[in-house]
Structure formats: C-alpha cells, structure tokens
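The values are calculated or read from the model by the stated rules, or taken from the named source; none is laboratory data. Here the structure is a predicted model, which means the values were calculated and not measured. Glycine also receives a Cβ, built like all others from the backbone with ideal geometry; neighbour counts cover every protein chain displayed. Each accessible area value is taken on the protein alone, full model and side chains, heavy atoms only, with ligands, DNA and RNA left out. Shrake-Rupley method; radii C 1.70, N 1.55, O 1.52, S 1.80 Å.
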Amino acid sequence: MQGFNKYYPPDYDGEKHGSLNSYRGKHALGDRARKIDQGILITRFELPFNIWCGTCNNHIGMGVRYNAEKKKIGNYYSTPIFSFRCKCHLCSGWFEIQTDPKAISGARQKDEEWNPEENGGFAIHDTDGKAENVDPLAALEKSTDAQNHHKNVQVPRLESLMDVSEQYNADPYSLSRKVRKHFRQDKKVRVEKEKADIQVRDRYALPTTLKLAEEDEKALQEAKDQWHKARQEKLSLENRRRKLPPTATSITSISGSRTHASSSSSSGVASLRAKILNNTAKQSARHKLGGIGPQLER
C-alpha cells in the first residue's frame with residue numbers, strides 16, 4: 001500500500017516555507033513545470049486531424065499523442081487561444097497547432113475532401129444558399145397578401161378570442177360556482193350508481209372486481225324487448241300444450257317423466273305407478289265379469 005505520510009525535516013518552518021515544495025525548491029507539477037517561468041506548461045496533446053510533417057514529410061494520423069508545450073498566445077474576446085508545440089516522433093522537427101484548431105507552422109493539414117456522390121452516398125446541399133434575384137413585383141404581391149390576411153383573418157380571430165377570454169374572466173366566482181354545482185351533481189349520480197352496483201353484486205354473489213354494464217336508454221329498451229319476446233314465446237308454448245288431447249298429454253307426460261326420471265321426485269313416480277296398476281286391475285276384472293255373464297244365462 002502506498003504511503004501518504006510526508007517527511008518534514010527538522011529545519012522546516014511552516015510559516016516561513018509554506019509547503020514542502022517551496023522548501024525543496026520544486027513546483028507542484030514537477031517536471032511538467034520546468035518552463036513555467038516562460039509561461040509554458042508541458043501537457044499531453046492529441047492531434048485533432050491528420051497532418052503531414054513539414055520536416056520529414058511523413059504522414060501523422062489523427063489521435064497521435066505528444067508531450068506538447070502549451071502556451072497562451074492571445075484571446076478571442078474572452079476565450080483564450082493556446083498554442084501547442086510538439087516534436088515529431090519520426091524526426092527532430094517541431095510543429096505548432098493552435099486552438100482554432102489549425103496548423104500554424106512545421107506541418108500542414110491533410111486535405112480530405114470527400115464527394116459522397118462518387119462513393120454511393122447523397123450530395124450535401126448548401127443550406128445557406130446563394131442570394132437569388134428576387135422579383136420586386138412578386139415580393140410586393142406577397143407582402144400585400146400577407147397584410148390582407150393579417151387584417152381580414154388574424155385580427156378578427158384575435159379579437160374574438162379576446163372577447164371570449166373577457167367573457168369567461170369577467171365573473172370567475174359565478175363560473176366557479178356553476179362548475180362546482182355541476183361536479184356535485186355528477187358525484188351524487190356516480191355515488192348512487194356505485195351503491196346500486198354493490199347491491200347487485202351482493203345479491204348475486206358477484207366478484208367485487210366485476211364491472212357492470214353502464215345503463216342507458218338504448219340498453220334498457222333492448223332488455224325490455226328481449227323480455228317481452230321471451231314472454232310471448234313462453235305463453236304461446238303454454239297455449240299449445242293446453243290445446244293437446246288428454247291422452248296425448250298423459251302419454252307426453254309419461255314419456256317426459258321416463259326421459260327425465262333422474263330429475264323427477266320419487267313421490268311423483270310412485271303415484272304414477274299406482275295409477276297404472278289400478279287401471280290394469282280394473283280392465284282385467286271387467287274381462288272376467290264379461291266371460292261369467294253368458295255362462296249364468298245358459
């Protein structure tokens with residue numbers, strides 16, 4: 001682990017020396033400030049573009065870093081302008097670049113004009129454009145149309161908006177009172193609707209998360225029509241059953257009771273069986289009496 005403690009010699013006086021750097025006669029930036037008396041600071045500098053060295057005529061790519069001599073050379077209004085003097089790593093030549101950025105001496109910037117149309121791209125259009133000759137009559141007509149539109153359309157529209165704004169802002173208390181009254185009425189209707197929905201859910205054991213349909217005149221009318229239609233069908237079915245003969249009705253009821261024996265009660269089945277057995281016994285007794293009568297006459 002690196003130690004951060006500092007050694008203070010016996011003859012060190014804080015009021016006299018101020019810091020250990022001044023005591024040892026060194027700058028806080030170390031070797032980077034060896035030319036600080038000339039206003040030059042050694043800093044790490046990265047090339048902002050491709051250049052050709054003016055001494056060895058070699059290409060140096062953008063992004064190459066150097067230990068450059070940074071120096072302030074002027075101001076652009078309140079913005080300082082710095083120069084960076086670097087030594088080429090391929091030769092002993094020096095070149096200087098300022099914070100425009102542009103190469104000043106010892107190197108030249110590589111010209112990299114690229115035509116997008118030649119490389120399958122799209123041409124870059126000049127957004128500024130060149131000043132074209134303007135027809136004075138067309139310009140006058142355009143300005144006249146704009147003035148007429150402003151006078152006939154925009155001004156009346158602004159006046160109507162101002163009138164509406166003054167109307168709404170003339171008596172804010174009464175307007176607020178109307179709005180609050182409307183809100184209270186809506187809230188009362190909404191609360192009653194919620195109470196009715198809760199009663200319906202409790203009556204039919206529906207989940208509380210179930211959202212009931214909204215009641216409106218159209219839905220109520222459709223429900224009434226469906227109810228009347230079902231009522232008429234039920235009455236017509238009962239009338240047709242009443243018009244059937246008794247035998248057919250009994251046969252139908254017997255077949256229906258046999259078909260739905262699982263759902264009928266046990267008492268109804270027992271009574272039906274008793275009636276059938278009674279009828280069968282009566283018929284057999286009549287046949288026997290009918291055979292005995294002729295024998296007695298002989």
Considering amide H positions built from the backbone, and no H for Pro or chain starts, which residues 5 or more places from A103, or on another chain, come under 5 Å of its amide H? Q109
What figure, in Å² to the nearest 10, do you get for the accessible area of T43 with a 1.4 Å probe and non-protein molecules left out? 30
Provide the packing ranking of 63-72, 181-190, i.e. peptides ordered by the mean count of other C-beta atoms within 10 Å per residue, highest first. 63-72, 181-190
